[in-house]
1. Identify all residues within the stretch 169-228 that are of a type outside the set (Val, Ile, Thr) and part of a strand (DSSP E or B); write none if there are none.
2. It is to be established whether one or more residues within the stretch 295-311 are part of a loop (DSSP other than H, G, I, E, B), among the acidic types (Asp, Glu), open to solvent by less than 80 Å² (accessible area, probe 1.4 Å) and in contact with a helix residue (DSSP H, G or I) (Cβ under 7 Å, 6 or more places away or on another chain).
3. Does any residue of the stretch 157-167 turn out to be closer than 28 Å to ALA264 by Cβ, within 16 Å of the ligand (Cβ to nearest atom) and either free of Cβ contacts under 8 Å to residues at least 24 places away in the same chain or more than 18 Å from the chain's Cα centre (by Cα) (or both)?
4. For the list (1) open to solvent by 10 Å² or more (accessible area, probe 1.4 Å); (2) away from the ligand (no atom under 15 Å from the Cβ), I need the number of the one condition that TRP188 fails.
5. With LYS167, LYS252 as the choices, which residue is of a type in the set (Lys, Arg), modelled with pLDDT under 95 and farther than 25 Å from THR318 by Cα?
6. Out of all the residues in the stretch 222-241, which are closer than 20 Å to SER62 by Cβ and either within 15 Å of the ligand (Cβ to nearest atom) or under 18 Å from the mean Cα position of the chain (by Cα) (or both)?
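The values are calculated or read from the model by the stated rules, or taken from the named source; none is laboratory data. This structure is a prediction, so every number in the text was calculated from the model and none was measured. Methodologically, a virtual Cβ is constructed for each residue, glycine included, from the backbone with ideal geometry; neighbour enumeration extends over all protein chains shown. Please note that ligands, DNA and RNA were not included when accessible areas were found on the heavy atoms of the full protein model with its side chains. Shrake-Rupley method; radii C 1.70, N 1.55, O 1.52, S 1.80 Å.
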Amino acid sequence: MLIKNLIRENIKSLEAYSSARNEFKEMSSELIFIDANENPFETGLNRYPDPQQNLLKDALSSIKGISKEEILLGNGSDEVLDLIFRVFCEPKEDSVIVLPPTYGMYEVLANTNAIDLIKIPLLENFQPNVKEIIKVQDPKSKVLFLCSPNNPTANSFDANSIETLIKEFNGIVVIDEAYIDFSTQESWLGRLHEFSNLIVIQTLSKAYGLAAIRLGICYASEEIISILNKVKPPYNINQLTQDVALRALLKKEKVKNEIVTLIAERNQLMKDLEKVEIVEKVHPSDANFLLVKVDNANKRYDQLVKKGIVVRNRTHQTLCENCLRFTVGTADENKKLINTLKLV
Ligand SMILES: *Cc1c(COP(=O)(O)O)cnc(C)c1O
């Protein structure tokens, strides 16, 4: 597949804004920097941050075994997703395909970018309807969004289905792996080099416990990354975020232990929920949350809020009638949830 043919005309011919810090990279203390209209008084934050986040990418590169040129960082995955829309989708002309029920941002971004949204609902077993997706695609469907493990259904998509879709879809396939660290499935990062149209997105918002710093990570071919780079704002990752993220990436053991704890808590919560009377079904989970069918989602949602527990009511989503989504909390929080559900 020729990626070049998928890129919007105006983006192809675009010259990226060249920031002062791009033109002169060496930050030696011998030099005087009067090129960027910064404030000279040292605060630790008076200089613009590295627009290419080199230290952070070096760390990611060695941890993930992916070259720096195949990595782009965003102000959360949400910025990465928006960049993908802006690079590949012509407003009022092109479309993207999503598989509801899924992450709401794909639809929000399609709307803000004036891109048609084609919805192919998941099958009853929460797996992609591969045949239908292949059937409805046309030259205007530029991007297919696969969220695996999927939010809010909590399951991973079948690897064979994903592989077929990457091979048969005539556009960019984005696999959103926000929850991959909680999954028994392998990340598609290991197979990035096999597919020129594959983009894998991860985030520090979930397993790394850093939702507040806003750091999303995009992995793709050098060709795709270089185009996304032309469109991203020059200083999109602030210095505080770069510093905190780098420290977190180096604390591998801490993150690994927290993931093990959360998975154990998730499995316990699942067992406990199955014994609650108003619970009709706990869907299997490959993530840090559970999709749970109750007798009456609206009623139980309101009751839980009154008892001080805020959950996500997904009853109006495709295939999620009377379903609530519970994020796995601390052991104490999970116990309170179970006790409250037993009382209502
Ligand atoms: C939580 C979540 C994200 C994370 O988004 P950030 O902008 O990186 O915080 C991405 N995708 C899905 C499906 C999510 O549920």
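1. Here is the first cut: in the stretch 169-228, the ones of a type outside the set (Val, Ile, Thr) are 169-171, 176-179, 181-183, 185-198, 202, 204-212, 214-216, 218-223, 226, 228.
Selection gives ASP176, LEU198, GLN202, GLY216, CYS218, TYR219.
2. Within the stretch 295-311, the first condition is being part of a loop (DSSP other than H, G, I, E, B), and the residues that meet it are 295-296, 307-311.
The next check asks that each one be among the acidic types (Asp, Glu); those that pass are 295.
If we keep only those that are open to solvent by less than 80 Å² (accessible area, probe 1.4 Å) as well, we get 295.
Within this subset, residues satisfying the condition of being in contact with a helix residue (DSSP H, G or I) (Cβ under 7 Å, 6 or more places away or on another chain) are none.
Within the stretch 295-311, not a single residue is part of a loop (DSSP other than H, G, I, E, B), among the acidic types (Asp, Glu), open to solvent by less than 80 Å² (accessible area, probe 1.4 Å) and in contact with a helix residue (DSSP H, G or I) (Cβ under 7 Å, 6 or more places away or on another chain).
3. Of the stretch 157-167, the ones closer than 28 Å to ALA264 by Cβ are 157-159, 162.
The next check asks that each one be within 16 Å of the ligand (Cβ to nearest atom); those that pass are 157, 162.
Then keep just the ones that are either free of Cβ contacts under 8 Å to residues at least 24 places away in the same chain or more than 18 Å from the chain's Cα centre (by Cα) (or both); that gives none.
No, that holds for no residue.
4. (2)
5. On the way: LYS167 fails: modelled with pLDDT under 95.
Answer to the selection: LYS252.
6. Here is the first cut: in the stretch 222-241, the ones closer than 20 Å to SER62 by Cβ are 222, 225, 237, 241.
If the condition is that a residue be closer than 20 Å to SER62 by Cβ and either within 15 Å of the ligand (Cβ to nearest atom) or under 18 Å from the mean Cα position of the chain (by Cα) (or both), then ILE225, ILE237, THR241 are the ones that fit.
Yes or no, residue by residue, for (1) within 12 Å of the ligand (Cβ to nearest atom); (2) of a type outside the set (D, E, K, R); (3) in contact (Cβ under 8 Å) with a residue 12 or more places away in the chain; (4) in contact with a His (Cβ under 8 Å, 6 or more places away or on another chain):
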| position | (1), (2), (3), (4) |
| --- | --- |
| LEU73 | yes, yes, yes, no |
| LYS92 | no, no, yes, no |
| THR102 | yes, yes, yes, no |
| PRO121 | no, yes, yes, no |
| ASN129 | no, yes, yes, no |
| ILE134 | no, yes, yes, no |
| LEU144 | no, yes, yes, no |
